[in-house]
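Colleague: Please find one structure pasted underneath; my questions will follow.
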Amino acid sequence: MKATTFLSIVLLVSSVIPISSAQNPAPGEPVARVAFTLRNNLGYHRMFRAEGPGMAYGFTMNRNESTPKNWPVGGKLYFSIDGETTEGLIFTVTAADAGKTLLTAPKATTHATGATVTVRFRNNSLIPHKVMLITYKPDEAGNGTQGIMLLPYSSTTQTFPVGTKVYFADSEQVDIVMSGKRIDEDMPFLTVRKESNGKTFNIFR
């Protein structure tokens, strides 16, 4: 084969098969972003942290709050104590999440199987009390915290998955939780069972 003919074939093939750089994006090339809705389905106020390409910040969400987000693919949502540190990965954003509603507790859908119970806690004293309800649910990282003001002989109704540990925290336990530590090694006020459903428990013994 003549050298000129070989060179012509090489040039022809090069023009038909372009060299793709898709697999090797240049430094600084924009990262694809995904628009979705984030919903806090934990049932309580919580702090989170988002981290990803060009993104790192902490934020809080109220109970049942939904908010639009536009995060890069690969962005991660974590539980956080202070908005700066992470303590448990919740999910990683993918391109397939575009337009979806993503939950802060993806595993909470297991509650729909009927493994939840509703209980009442009663202030069985003659004076008003503000109680601090701390809960540890079996399918969630971290804890739930609610401050509840109860008048004499009034009650609060709560729904939990079976296995939840419930604490009415004293000041020392509140300080421990607020410092980012856990108290679920302490004896709970109640460990929720199927048999607890519909029952009323006096807070003060």
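The values are calculated or read from the model by the stated rules, or taken from the named source; none is laboratory data. Being a predicted model, the structure only gives us computed values, none of them experimental. Neighbour counts run over all protein chains shown; Cβ positions are idealised from the backbone, glycine included. In case anyone asks, the SASA skips ligands and DNA or RNA and just uses the protein heavy atoms, side chains included. Shrake-Rupley method; radii C 1.70, N 1.55, O 1.52, S 1.80 Å.
Colleague: How large is ³J(HN,Hα) for each residue in the range 174-189, as worked out from phi by the Karplus curve 6.51 cos²θ - 1.76 cosθ + 1.60 (θ = phi - 60°), to whole Hz, x for Gly and Pro?
Modeller: Coupling constants for the range 174-189: 4, 4, 5, 5, 5, 7, x, 8, 10, 10, 6, 8, 6, 5, x, 5 Hz.
Colleague: So how do 60-69, 77-86, 119-128 stack up, highest first, on mean other-Cβ count within 10 Å?
Modeller: Details: 60-69: 12.9, 77-86: 16.8, 119-128: 14.8.
Descending mean neighbour count gives 77-86, 119-128, 60-69.
Colleague: While we're looking at this one, here's another question. Classify the range 49-152 from the C-alpha gyration tensor, please: rounded if a/c falls under 1.5, else prolate or oblate depending on whether a/b exceeds b/c. Spell out each step's value before the answer.
Modeller: On the way: a/c = 2.83, a/b = 1.94, b/c = 1.46.
Here the range 49-152 falls in the prolate category.
Colleague: Amide H of residue 34: which non-local residues (sequence gap of 5 or more, or other chain) have their own amide H closer than 5 Å, using H built in the peptide plane?
Modeller: 71, 73
Colleague: Separate question: Once amide H atoms are placed 1.01 Å from N in the peptide plane, what residues at a sequence separation of 5 or more from residue 154, or on another chain, have their amide H within under 5 Å of its amide H?
Modeller: Here the answer is 123, since their amide H atoms fall under 5 Å of that of residue 154.
Colleague: Give me, ordered by chain and number, the residues 5 or more places off residue 100 or on other chains with an amide H under 5 Å from its own placed amide H.
Modeller: Those qualifying (amide H under 5 Å, at least 5 residues apart or on another chain) are 37.
Colleague: Give me a comma-separated list of calculated 3J(HN,Hα) values for the range 70-84, in order, Karplus coefficients 6.51, -1.76, 1.60 applied at θ = phi - 60°, integers in Hz, x for any Gly or Pro.
Modeller: So the J values, rounded to whole Hz, are 9, 10, x, 4, x, x, 10, 10, 10, 5, 8, 8, 10, x, 10.
Colleague: Let me ask something additional. Quick one: putting +1 on the C-beta of Lys and Arg, -1 on the C-beta of Asp and Glu, what dipole do you get for the range 78-184 around its Cα centre, in Debye to the nearest 20?
Modeller: Magnitude of the dipole: close to 460 debye.
Colleague: If the chain between residue 118 and residue 181 were fully stretched, how many nm would it gain, using 0.36 nm times the residue separation less the Cα-Cα distance?
Modeller: Numbers: separation 63, 0.36 × 63 = 22.68 nm, distance 2.73 nm.
Taking 0.36 nm per residue and subtracting the Cα distance, the gain is 20.0 nm.
Colleague: Now a separate question. Please name whichever of 45, 74, 64 sits farthest to the positive end of the charge dipole of the range 33-103, dipole taken about the Cα centre and charges placed at Cβ: Lys and Arg +1, Asp and Glu -1.
Modeller: Comparing the listed Cα positions along the dipole, 64 ranks first.
Colleague: What is the Å³ per residue value for the convex hull set by the Cα atoms of the range 126-205?
Modeller: Numbers: hull volume 8.0 nm³, N = 80.
Value for the range 126-205: 99 Å³ per residue.
Colleague: Which of the listed residues, 118, 141, 179, is farthest toward the dipole's positive end in the range 116-202, when Lys, Arg count +1 and Asp, Glu count -1 at the beta-carbon?
Modeller: 118
Colleague: Let me ask something else. In whole Å, what is the distance between the alpha-carbon centres of the range 40-56 and the range 145-203?
Modeller: Each part reduced to its Cα centre gives a spacing of 24 Å.
Colleague: Let me ask something else. Would you calculate the separation in nanometres between label points at residue 149 and residue 64, each defined as 7 Å from the Cα along the Cα-to-beta-carbon direction?
Modeller: It works out to 2.1 nm between the two label points.
Colleague: Separate question: Over all alpha-carbon pairs of the range 33-103, lay out the pair-distance distribution in 10 Å bins, whole %, shortest bin first.
Modeller: Spelled out bin by bin, the range 33-103 gives 22, 57, 21, 0 percent.
Colleague: For the range 116-202, with every protein chain kept in place, what is the accessible area per residue (1.4 Å probe, Å²)? If you can, show how the numbers build up before the last one.
Modeller: Working: 4770 Å² over 87 residues.
On a per-residue basis, the range 116-202 sits at 55 Å².
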